[in-house]
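Structure first, commentary second.
The values are calculated or read from the model by the stated rules, or taken from the named source; none is laboratory data. Small disclaimer: the values here were computed from a predicted structure and weren't measured. For neighbour counting, all protein chains shown are included, and Cβ atoms are generated from backbone atoms with ideal geometry for every residue, glycine included. Note: accessible area is taken over every heavy atom of the protein model, side chains too, but ligands, DNA and RNA are not part of it. Shrake-Rupley method; radii C 1.70, N 1.55, O 1.52, S 1.80 Å.
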Amino acid sequence: MSIRIQRFDEHLKMPWKNGLGITREVISKPALHGPGGFDWRISLATVGASGPFSVFPGIDRTIAVLQGGGMRLTVDGHKEPPLTVGSMPFPFSGDAEVNADCLGGETLDLNVMSLRGRFVHRMTKVIVSDAQTFPVSGDMVAVVFRDDALVTIDRMRLNVGLGDVLLGLEGRSGFEIEPQASGSTLYTIAIRASSGPTSHGEQLA
């Protein structure tokens, strides 16, 4: 797959597993064994009302808020700190019973899921304050943009914004990015075959 920008409106719409909302699938790797399912998946979801998350047995998950009032998650009966646009990515088990209490209006969130024991994922929040060459690691599969920026790839200069995703990063050492405001927040997603600890989220500034 060649490097490209997949726009927010191009992501594949599908219903939540529990039928209570709509997810926009960015990219996924179908499960190698058995019908249906996935080995890993990146998606965006709009949460418009408080309610339960779908349960995904055997899956590790990480979530981050891209836009909106945010939410407060209760995971297996434990209330977590509010999850907002200023928060770090939040990892949790897909086996858990999770309920989301909306903190005001709709929230757009970024989700990464991977099959425990087969793949490990890492979502990292990065704030880009000035024009630079952004490095790409060997296991990075996507860069998800939250704010407006100008991206240069293969001599093409492209404007990106909320929910746009850079894909096809394999074999790349980096790309050029120029924030269009005082700073631009993006999320890098790395996925590799499992050989150690489970998923986690990081924040860099």
Quick one: which residue in Gly168, Gly138, Gly174 is modelled with pLDDT under 95, open to solvent by 60 Å² or more (accessible area, probe 1.4 Å) and under 26 Å from Glu10 (Cα atoms)?
-> Gly138
Tally of residues being among the charged types (D, E, K, R) and outside any strand (DSSP E or B) across the range 155-182 | 4
Residues of the range 113-130 being more than 23 Å from Ile22 (Cα to Cα), touching an Asp or Glu at 6+ places or on another chain (Cβ under 9 Å) and either among the small types (Gly, Ala, Ser) or in a loop (DSSP other than H, G, I, E, B) (or both), in sequence order, are Arg116, Arg118, Asp130
So which of Leu20, Leu110, Leu32 ends up being touching an Asp or Glu at 6+ places or on another chain (Cβ under 8 Å) and either part of a strand (DSSP E or B) or modelled with pLDDT under 95 (or both)?
-> Leu32
Matching residues, the range 80-100, being part of a strand (DSSP E or B), out of contact with any Leu (no Cβ under 8 Å at 6 or more places or on another chain) and not polar (S, T, N, Q) = Pro91
Taking the range 42-63 and keeping only residues that are outside any strand (DSSP E or B), surrounded by fewer than 18 Cβ atoms within 10 Å (Cβ to Cβ) and either at pLDDT 95 or above or on the phi < 0 side of the Ramachandran plot (or both), one is left with Gly48, Ala49, Ser50, Ser54, Val55, Pro57
With respect to Gly161, is the statement that it is surrounded by 13 or more Cβ atoms within 10 Å (Cβ to Cβ) and at positive phi true?
-> no
Do any residues in the range 14-25 that are hydroxyl-bearing (Ser, Thr, Tyr) have Cβ atoms under 6 Å from those of residues that are exposed (fewer than 14 other Cβ atoms within 10 Å of the Cβ) and modelled with pLDDT of 75 or more, where the two are at least six apart or on different chains, and which pairs are they?
-> Thr23/Met14
If you take the residues of the range 64-104 that are among the small types (Gly, Ala, Ser) and open to solvent by 50 Å² or more (accessible area, probe 1.4 Å), which of them is farthest from the chain's Cα centre (by Cα)?
-> Gly77
Looking at (1) at pLDDT 95 or above; (2) within 27 Å of Ala193 (Cα to Cα); (3) outside any loop (DSSP other than H, G, I, E, B), which is the one condition that is false for Thr74?
-> (2)
When (1) open to solvent by less than 50 Å² (accessible area, probe 1.4 Å); (2) not in a strand (DSSP E or B) are applied to Thr152, the one that fails is (2)
Are any of the residues in the range 26-39 of a type outside the set (D, E, K, R), surrounded by fewer than 16 Cβ atoms within 10 Å (Cβ to Cβ) and under 16 Å from the mean Cα position of the chain (by Cα)?
-> yes
Would you say Val126 is touching a Ser or Thr at 6+ places or on another chain (Cβ under 8 Å), touching a residue at least 60 places away in the same chain (Cβ under 8 Å), hydrophobic (A, V, I, L, M, F, W, C) and buried (at least 22 other Cβ atoms within 10 Å of the Cβ)?
-> no
